[in-house]
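Reading through the structure tokens given below for one structure.
None of the figures in this text is laboratory data; all of them are computed from the coordinates on show. All of these numbers come straight from a predicted model, not from anything done at the bench. Here the Cβ positions follow ideal geometry from the backbone for every residue, glycine too, while neighbour counts run over all protein chains shown.
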Amino acid sequence: MTTNNPATPATPERPGQPSAAAAKASAPRRQNPRPYHRGRRKPTVKPGLPLRIVSLGGLNEIGKNITAYECGDDIVIVDCGLAFPDSDMLGVDLVIPDVTWLVKNKDRIRGVVLTHGHEDHIGALPYVLKQVNMPLYGTELTLALVEGKLKEHGLTGKVKLHVVKPGDTVKLGCMTVEFINVNHSIAGSVALAINTPGGLFVQTGDFKIDCTPIHGEMIDLARFGELGKEGVTGLLMDSTNAERPGYTLSERKVGEALNTLFAKAEGKRLIIATFASNVHRVQQIVDYAQKYGRHVAVSGRSMVNVCGIAAELGYLRVPEGLVVDIDEIDRFPKEKMVIVTTGSQGEAMSALYRMAYSDHRKVVVGPDDFVIISANPIPGNEKTVDRVVNELMRLGAEVVYEEVHVSGHARQEELKIIMSLCKPTYFIPVHGEYKHLMKNASLARSIGIPDKNIIITDIGKVMEFDKGNFKFVGTVPAGRVLVDGTGVGDVGSIVLRDRKHLAQDGLIVVVATIDGASGALVAGPDIVSRGFVYVRESESLMEQTRLTARDVLMDCADAHVTEWGTIKSRVKDALSKLLYERTKRSPMILPVIMEV
């Protein structure tokens, strides 16, 4: 199959957007002042200082990955990701780590090293960088994705970005960090070998062993073996797929499934939803579109952005003329089109979601469409994905949503291979819920790592390694900070409790006017119900509620009670008792007392 020269790929064009060449010329220049050296040579570190490691996220949870290495007067941070809100975090948009400790020690931070460009590893950077300005080190694609986030948050040009390649070594204070090529579901992924006075530590990041990767070379197993011979003090390993036996399939297996489905979809338009960051998956879609004589259109803001960046950097090779703008799809026969879109997780307002609910401005789904969801639902997203699938089927589309995806995370046998190569003294499972950490620990036990050398830790706990010995030495502030709209950290447990209360039982507002001098009732009370009962069908209950509130207010006046807090408390108590007796529900009651 012939494709363009990877050095000059065609970028999907957008109306009003500059060309790839122009965008590249005008983009903020990533700095590369060579604080590191190319190629591998054993770095020198000052022996004798203890090393402390603290995870501020990514333990006993999915996402929000961030780990700090502290040695002497230096701190090096690995990744800075976000998590998506749980179902009980009503109205919350994002969850980021609590970096109070980093802010307090910002003068000691030498930099942030990034393993790859997924949201759970880079998503919190804009929020944290507003509090602590730190230099960033990552591969070209990773930093290009970070640049887009910095632009959205008005941080362009304010943060130093240093491009590295696998094999490079960066010196950060008394520590050095080597970047090691690994395979994952996004290009430009690396593991890290962190050489410190307290020992050599390997942090895998997210990885799998793919012997036939779509782009670049397979994981550098030889380097892991070399590090094992040098002596690895601690191995911090991804635990996401630790419960799954065997090996994760190669990304090329998805290509085989796509080939079959492209042939099966003859005469229909193809709509394929996948993760925007999975450039390897998009590349295979582009390749098969060319093979079957179809044009490709891209829908969804994140998909358009990532594809544009990946094409510009050569990670995505697009034959000239194959990609058309989403606004021009009606110019081509449906059976000659492939639409690559976001929304594989059923996210509200994603492109696929809007297609399913007939709300997309350009794509109208019908019986002539063949929809492929090329992703497995993230735990907790199953119902949202099912709803989208049901709606697409109601519109007449044929939908395939199984066996068109492979994970980017290593399974049990791959995890054991890396453990065996590194031969760590201490094993520290990271990146997963508690059950994942425990399962990864059992794998370490199975290959002979002693139980006393397997460390199950939690966010905020400080691990210290000194002359081959380990101990916990306290805690630092850690937890979650909730992002709601433009507010960062202004939504806490009390606000979430109130939102949950409102969502479950609704709200009753009591409005009354009293005389400021005597406390006598002047007007009202009026009762407003929201989310509690349908007022027109519950007039007697609303009237009884009004009369009860009136009686309480009059009793307060007779008793010369004029303190507002006391009056409101008595109204709430009386109405809570009445409404629970009548409905077995406990709405939030909000008295509003005005004084004249």
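Could you list, in their original order, any pairs among Lys208/Lys416; Lys149/Lys383; Lys416/Lys439; Lys268/Lys383 whose Cα atoms are separated by more than 21 Å?
Beyond 21 Å: Lys149/Lys383; Lys268/Lys383.
Take Arg361 and Glu398, extend 7 Å from each Cα along the Cα→Cβ direction, and tell me the distance between the two endpoints in nm.
Result for the modelled spin labels: 3.2 nm.
Of Asn278, Val298, Ile326, which is farthest towards the positive pole of the stretch 252-400's charge dipole, taken about the Cα centre with +1 and -1 on the beta-carbons of Lys, Arg and Asp, Glu respectively?
Asn278
Which one, (i) 24.2; (ii) 27.0; (iii) 23.5, gives Kirkwood radius over Cα pairs in Å as derived from the coordinates shown?
(ii)
Quick check: pseudo-label points 7 Å beyond the Cα along Cα→Cβ at Thr260 and Val592, how many nm apart are they?
Computed distance between label sites Thr260 and Val592 equals 6.2 nm.
Kindly write out, for the stretch 551-568 in residue order, the coupling ³J(HN,Hα) from the Karplus curve 6.51 cos²θ - 1.76 cosθ + 1.60 (θ = phi - 60°), rounded to whole Hz, with x marking Gly and Pro.
Calculated HN-Hα couplings, in order: 4, 5, 5, 5, 5, 5, 5, 5, 8, 6, 8, 10, 6, 4, x, 5, 4, 4 Hz.
Under 9 Å from the Cβ of Pro213, count the other residues' Cβ atoms, weight Lys and Arg +1, Asp and Glu -1, and hand me the total.
Its environment carries a net charge of -2.
For Ile454, enumerate residues with amide H under 5 Å from its amide H, sequence gap 5+ or separate chain, H modeled in the peptide plane.
Answer set, sorted by chain and number: Phe427.
List the residues, sorted by chain then number, that are 5 or more residues from Val371 or on another chain and whose placed amide H is less than 5 Å from its amide H.
It is Ile271, Glu398, Val399, Val400, by chain and number.
So what is the 222 nm mean residue ellipticity for the chain from helices alone, if each DSSP H run of at least 4 adds -39500 (n - 2.57) and you divide by all residues, rounding to the nearest 500 deg cm²/dmol?
When only DSSP H runs of four or more count, the value is -9000 deg cm²/dmol.
Where nothing but the Cβ of Lys and Arg (+1) and of Asp and Glu (-1) is charged, how large is the charge dipole of the chain around its Cα centre, in debye to the nearest 20?
Using Cβ point charges on Lys, Arg, Asp and Glu, the chain gives about 1720 debye.
Along the stretch 114-130, what does the Karplus equation 6.51 cos²θ - 1.76 cosθ + 1.60 (θ = phi - 60°) give for ³J(HN,Hα), rounded to whole Hz, x for Gly and Pro?
Those phi angles translate into 10, 7, 5, x, 6, 4, 6, 10, 10, x, 8, 3, x, 6, 6, 5, 5 Hz.
If R₀ is 35 angstrom, what is the calculated FRET efficiency for the pair Arg108 and Tyr247, using the beta carbon separation as r and rounding to 0.05?
So, using R0 = 35 Å, E works out to roughly 0.25.
With point charges of +1 on the Cβ of Lys and Arg and -1 on the Cβ of Asp and Glu, referenced to the Cα centre of the chain, which listed residue (Val571, Gly63, Ala410) lies farthest in the positive direction of the dipole?
Ala410
Amide H neighbours of Arg480 under 5 Å, at least 5 residues apart or on other chains, H built in the peptide plane: list them.
Long-range HN contacts for Arg480: Asp98.
Tally the DSSP beta bridges in the chain and give the antiparallel ones as a percent, rounded to 5.
55
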